[in-house]
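Worksheet for the structure shown next.
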Amino acid sequence: MTRTGRNAVADILRDRILNGLHVGQLHQGDRLPSARKLSSELNVNPRVVLAALRALANEGFIELRPRSGAFVGTLHPATGSRLPDLGVWIVNTLLQARTRGLAPRDVPALMRRSLRRRPVHAACIECNADQLHMLCSELAEDHGFQTKSVEVARLSKRESLPVLRKADVLVTTLYHSAEVQAVAERLGKPWITVTLRPEVMLDVGSALRAGPVFYIATDPRFEPKLRHMLEPLADVKRLRVLLLDRDDLSVIPDEAATYVMTSARAEVRRRYGAREFPGRPIHPPRILSEESARELLFFLVRANVVDTAAPKRTQRQPVP
């Protein structure tokens, strides 16, 4: 075997692979002909073909798998390590846009227009300040809604009407869907009922079975509501809800699972700036279920797309 022979065969095979990939006859992961078949076709010793294949494998053009053969490698071996999961998701999203006739470079601007072309107002409706803050903060921070809170008990009060009338959509939980539906229909407003991510509540139930679980909140009405929600999942005798202005947070053991409501985090930040909570604080980044997020995003994108397509008006009307 000569060095020239190996290099010549490697050049031939490399050229075939590149041409095949370029015209679509080969794809990443396709199996190449066996070394015996290539040696017969090229009229060279099988050892020369094997040496050439090893050289191409070192370059990243092919992958050699023991007892399986040679396979087409990555299209661009020079790009280095593989993308992380987030990068792969971004690439796949851009490719899907491309199949719809969109240039990948135009996608970010399209996304911004679809989510933020105009403010979309949501009235969050619940029975206590902690859940209201959670709903409002997630809708605002994750989705970009302009949010205002309304307590269920004050739905029919005169001071709530301006918020409800300005809202493009009313958002609540299953516990208050009947009351909110009645108000929404009376005002001619759309309404969305959201649910929680099941894994979040299952994690709380699992923590309760293992030991005491603490919640740090701000509204005494949150405690009975939370106990009611958790009763199907675990024995709530180990649940303790501590309020910022009522209870001593130092009673929380160092290793106790501690869920800090967004309302409590915001209030502590307002009073003291950055400050650590006792126990083992758990801050689920998102509470709403994927189904709820999909419905909220559908409404948000629809509102912006309708606004983009509609003729300019002197006074904006709520999106139907």
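The values are calculated or read from the model by the stated rules, or taken from the named source; none is laboratory data. As the structure is a computational prediction, the values presented were derived from the model and not from experiment. Note that each Cβ is placed from the backbone with ideal geometry, even for glycine, and that neighbours are counted across all protein chains shown. Just so you know, the surface numbers come from the protein's heavy atoms only, side chains and all, with ligands and any DNA or RNA stripped out. Shrake-Rupley method; radii C 1.70, N 1.55, O 1.52, S 1.80 Å.
In table form, for the structure just shown:
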| item | result |
| --- | --- |
| Inter-residue pairs, beta-carbon under 8 Å, first within 19 Å of Leu233 (Cα to Cα) and in contact (Cβ under 8 Å) with a residue 40 or more places away in the chain and in the range 188-205, second of a type in the set (Phe, Trp, Tyr) and open to solvent by 30 Å² or more (accessible area, probe 1.4 Å), 6+ apart | none |
| Any hit, the range 53-76, residues being loosely packed, with under 13 Cβ neighbours inside 10 Å, in contact with a strand residue (DSSP E or B) (Cβ under 8 Å, 6 or more places away or on another chain) and at pLDDT below 85 | no |
| Residue check, Pro220 surrounded by fewer than 16 Cβ atoms within 10 Å (Cβ to Cβ) and under 15 Å from His121 (Cβ atoms) | no |
| The range 264-287, subset in contact with a Leu (Cβ under 8 Å, 6 or more places away or on another chain) and free of Cβ contacts under 8 Å to residues at least 60 places away in the same chain, residue farthest from Leu132 (Cα to Cα) | Pro278 |
| Sole exception among (1) part of a strand (DSSP E or B); (2) in contact with a His (Cβ under 6 Å, 6 or more places away or on another chain) for Thr258, by number | (2) |
| Search result, residues across the range 123-154 that are farther than 16 Å from Tyr175 by Cβ, in contact (Cβ under 8 Å) with a residue 60 or more places away in the chain and hydrophobic (A, V, I, L, M, F, W, C) | Leu139, Phe145 |
| Odd one out for Tyr215, checked against (1) of a type in the set (Phe, Trp, Tyr); (2) over 22 Å from Thr172 (Cα atoms); (3) touching a residue at least 40 places away in the same chain (Cβ under 8 Å) | (2) |
| Selection from the range 273-293 of residues that are over 26 Å from the mean Cα position of the chain (by Cα) and at pLDDT 85 or above | Phe277, Pro278, Gly279 |
| Residues of the range 237-259 that turn out to be within 15 Å of Phe214 (Cβ to Cβ), surrounded by fewer than 19 Cβ atoms within 10 Å (Cβ to Cβ) and in contact (Cβ under 8 Å) with a residue 12 or more places away in the chain, as a count | 11 |
| Pairs, first within 11 Å of Val72 (Cα to Cα) and open to solvent by less than 50 Å² (accessible area, probe 1.4 Å) in the range 9-30, second at pLDDT below 85 and part of a helix (DSSP H, G or I), C-beta under 6 Å, six or more apart | Leu26/Gly20 |
| For Val200: the one exception among (1) in a strand (DSSP E or B); (2) β-branched (Val, Ile, Thr); (3) surrounded by fewer than 18 Cβ atoms within 10 Å (Cβ to Cβ) | (1) |
| Test: residue in the range 225-243 that is more than 27 Å from the chain's Cα centre (by Cα), closer than 17 Å to His283 by Cβ and either modelled with pLDDT of 95 or more or in a helix (DSSP H, G or I) (or both) | yes |
| Ser156, sole failed condition from (1) polar (S, T, N, Q); (2) out of contact with any Phe, Trp or Tyr (no Cβ under 7 Å at 6 or more places or on another chain); (3) within 25 Å of Arg302 (Cβ to Cβ) | (3) |
| Among (1) surrounded by fewer than 17 Cβ atoms within 10 Å (Cβ to Cβ); (2) hydroxyl-bearing (Ser, Thr, Tyr); (3) within 29 Å of Val150 (Cβ to Cβ) - the single one Ser206 does not satisfy | (3) |
